[in-house]
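Here the structure comes first, spelled out in structure tokens, and everything after it is commentary.
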Amino acid sequence: MKIRNYLEIFLFVCHVIIVADSNLVSKKVEVSAILVFGDSIVDPGNNNYIKTLVKCDFAPYGRDFNGGMSTGRFSNGKIPSDFAAEELGVKELLPAYLDPNLTTEELLTGVSFASGASGYDPLTSKIASVLSLDDQLEMFKEYIKKIKAAVGEEKATAILSKSVIIVCTGSDDIANTYFITPFRRFHYDIPSYTDLMLRSASTFLHQLYALGGRRIGVLSLPAIGCLPSKRTLNGGIARGCSEAANGAALLFNSKLSSLITSLENQYSDATIAYLDVYDRLLAIIQNSAQYGFEEAKKGCCGTGNIEVSVLCNPSSIPLSCPDADKYVFWDSYHPSSKAYKILTRQLVKDALAKLS
């Protein structure tokens, strides 16, 4: 009888621990909405509605998303903005702000303003004909007007103050604008170019604060040199990581971290958190088997060496891997949905330790 009682107590305690862990967000942080700015990592389909070649609203993108829907998400399934919204207890999917079918209820709980191929450098978005950070801020201003019209100014202000804002951009600046196109390299070395990026980041974060953002998580750059496309272009026969690209990312990250510390000191009523993606993703790449992956050097789509966006298309399907969950990367630039889920859970825990 005692054994049975002890067993029941043990099972009850285990249940309480599991429930407490799953509801960690709601216990610690009240989140009214999630608002996301950035690039293709967190773009759920805004690029579908603008004139650009940087799109992915076609197969095989989305093949593992709700029965195989190509929604404009740059992966095989959900992306970090979706997983973050879910982890923060807001909703299962974070919609694109430009989605014409967006409801008032969806607006009130958050959207993504992100645009694939944008960056801190204004030139990056111009080259790709996508939405710049300035464009995304203008959409944010429009968003604020819409929610004020829906629920009144007082409630709208409360929603904004309890929202979590995520900024995820900058990879395209270094990977594409600097290292692939000639436009910046003739005038900037890596230190001066990362300074240019940082000035843009600083201006953007100041503007987010001015518009009511009080809980902001800023993601660092990842290990860009270890993306499959960079391995193909710069990694040699062994397909090693590009040390030049990784070094540029690390330099910018150190500057970004210092900027965010400075902003936190300046704005005492706000929490602005630096979230390290570089080490988190690199750990998954270097220890891929521990996370259940079999391939970390190439993507699942097509050959996995260079395919991304329009190059990862229906003609890539015959060469694509049968199970994207075994791959760290979906295409040559973007992680698989499984990798995103692992990474986002880690980042949300990091954010909860800093956001209040």
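The values are calculated or read from the model by the stated rules, or taken from the named source; none is laboratory data. Since we're looking at a predicted model, the values are computed, not measured. Positions of Cβ are backbone-derived with ideal geometry, glycine not excepted, and every protein chain shown enters the neighbour counts. The protein model used for the area step is the full one, side chains on, heavy atoms only, and it has no ligands, DNA or RNA in it. Shrake-Rupley method; radii C 1.70, N 1.55, O 1.52, S 1.80 Å.
Details
- Among the candidates Glu243, Glu264, residue that is open to solvent by 20 Å² or more (accessible area, probe 1.4 Å) and touching a Gly at 6+ places or on another chain (Cβ under 7 Å): Glu243
- Filtered residues of segment 54-87 (kept if farther than 21 Å from Phe329 by Cβ and either at pLDDT below 95 or surrounded by fewer than 20 Cβ atoms within 10 Å (Cβ to Cβ) (or both)): Asn66, Gly67
- The criterion of being assigned to a loop (DSSP other than H, G, I, E, B), at pLDDT below 95 and out of contact with any Cys (no Cβ under 9 Å at 6 or more places or on another chain) does not hold for Ile180.
- Single condition Asn265 does not satisfy, out of (1) over 20 Å from the mean Cα position of the chain (by Cα); (2) at positive phi: (2)
- Here the strands (runs of 3 or more DSSP E) wholly within segment 251-332 that include at least 2 residues being small (Gly, Ala, Ser) are 295-299.
- Residue match in segment 165-184 (condition: open to solvent by 20 Å² or more (accessible area, probe 1.4 Å) and under 24 Å from Glu264 (Cα atoms)): yes
- In segment 87-159, counting only helices (runs of 4 or more DSSP H) that sit wholly within it, the ones holding 1 or more residues that are touching a residue at least 60 places away in the same chain (Cβ under 8 Å) and closer than 22 Å to Asp195 by Cα span 122-128, 133-151.
- Among the residues of segment 198-229, those that are closer than 14 Å to Asp173 by Cβ and open to solvent by 10 Å² or more (accessible area, probe 1.4 Å) comprise Leu198, Arg199, Ser200, Leu219, Pro222.
- Scope segment 85-116; condition of a type in the set (D, E, K, R) and touching a strand residue (DSSP E or B) at 6+ places or on another chain (Cβ under 6 Å); matching residues: none
- Restricting segment 117-167 to residues that are out of contact with any strand residue (DSSP E or B) (no Cβ under 8 Å at 6 or more places or on another chain) and β-branched (Val, Ile, Thr), the residue that is nearest to Thr52 (Cα to Cα) is Val130.
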